[in-house]
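The values are calculated or read from the model by the stated rules, or taken from the named source; none is laboratory data. This is a predicted model, so every value here is computed, not measured. Cβ placement follows ideal geometry from the backbone for every residue including glycine, while neighbour counts extend to all protein chains displayed.
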Amino acid sequence: MKFTDEHHALYKTVKEFGEKEIKPFNEEWEKAGIYPAKELFKKMADLNLLGITKNPNYGGMGLDYSYSIVFAEALGHSCNASVVMGIGVQTDMATPAIDRYGSDLIKKEFLAPSISGDYVASVAVSEPNSGSDVASIKTSAKKDGDDYIINGQKMWITNSTQADYFCTLVNTSNDQPHKNKSLIVIPADTPGVSVGEKIDKIGMRSSDTAPVYFDNVRVPQSFRVGEEGSGFTMQMQQFQEERLFIAASTLIATENCITDTIEYCKERKAFGKPLLDNQVIHFKLAEHQTELESLRALVYKACDRFVDGKDVTMLASMAKLKSGRLIREVSDSCLQFWGGMGYTMENPVSQQFRDGRLHSIGGGSDEVMLQIISKYMNTLPKKS
Ligand SMILES: Cc1cc2nc3c(=O)[nH]c(=O)nc-3n(C[C@H](O)[C@H](O)[C@H](O)COP(=O)(O)OP(=O)(O)OC[C@H]3O[C@@H](n4cnc5c(N)ncnc54)[C@H](O)[C@@H]3O)c2cc1C
């Protein structure tokens, strides 16, 4: 990736925003189990940060995806992975398909207010019995006149208690699982939509996650994104942005674990010398930094290909897999060097240890990433 002055300027704006508008509230939001999405998104919209790659006709900046990667990476300076995840849902997980395939009506109704920070978006794919196996979802949308009637339940939905709408994957026919799905935008205030209790999670505590229920929810067919039956393909495409965003968003978080630990180990003494003077410690940190730079190179390579319009499914899956593994490994090993202090809640490394655990599960687990990579390597057993 070649960084222009514009990339650097965006990085600086986002870094400063994260340091001023997110980081100072970390403790408060972690305790509250929620961050104020509406308030925060309005401030971000004032800086044109919610529609970086989106269509300028609806308030976006129309920039290429390299700017989104810079955005995701710089957000790491906010030191709150859960808020970064909530922002990512708004910019890179719930809205790419709407921007790419949505009608003018949908874009005016949902994309424009998401970019202006007036609407909070959620993406609703997972269900209680369908997480890794997306094709097996059961939520259905049946046609009734000009409308769809939607029934079903979604699970683990980020931003859901604050959302104005759900970009929802549903079954619109009994055709084969990859051909029977559509993405439908469901406004949160539609009768029959209800959001359950917030789920009590071990990490990502500033982010609200809850189940969402659809009970005979009537929405116009015009709220469908793109062609009926192409929802699975659109969602798989949308996952590439989601996975690249997640991978890029871990870079600074992982780096912070290393740099915070260096500082601590310079100060903390045991057996008459700073912890950092032990080769076993500084060699380990050097290894982590090396791995981190390899991940950064992989993310940038995937981004370049994406900007060139190439299929990045394999590279995005590799980046997602590696980022989840690396943040877990680095936060665990750094936490060890903080001793008892590492085992406290307010420690920055312990927060990464808890938050980072999600990256091997959410947005497609490590095993799903390995399945995709294997498929692209042609190593999966042949179907008989
Ligand atoms: C905090 C949080 C936020 C989330 N936000 C959202 C959101 O906003 N929107 C949304 O739609 N979803 C969201 N999710 C859901 C997330 O995408 C799923 O949890 C994830 O896809 C895994 O699905 P599952 O939990 O049902 O696990 P399962 O599918 O039940 O899998 C359980 C385990 O088995 C493994 N496994 C499954 N199949 C195989 C196999 N064939 N071989 C080997 N191992 C296998 C999986 O990798 C996983 O480790 C969120 C989840 C969390 C925890």
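Quick look at the values:
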quantity: Meets criteria (touching a Phe, Trp or Tyr at 6+ places or on another chain (Cβ under 8 Å), among the hydrophobic types (A, V, I, L, M, F, W, C), outside the structural domain of F245 (by TED's automatic domain parsing) and within 16 Å of the ligand (Cβ to nearest atom)) for V89; calculated: no
quantity: Qualifying position, being more than 10 Å from the ligand (Cβ to nearest atom), over 24 Å from the mean Cα position of the chain (by Cα) and hydroxyl-bearing (S, T, Y), among S182, S173; calculated: S173
quantity: Every residue from region 122-152 that is surrounded by 17 or more Cβ atoms within 10 Å (Cβ to Cβ), among the small types (G, A, S) and either in a loop (DSSP other than H, G, I, E, B) or near the ligand (Cβ under 10 Å from one of its atoms) (or both); calculated: S122, A124, S126, S130, G131
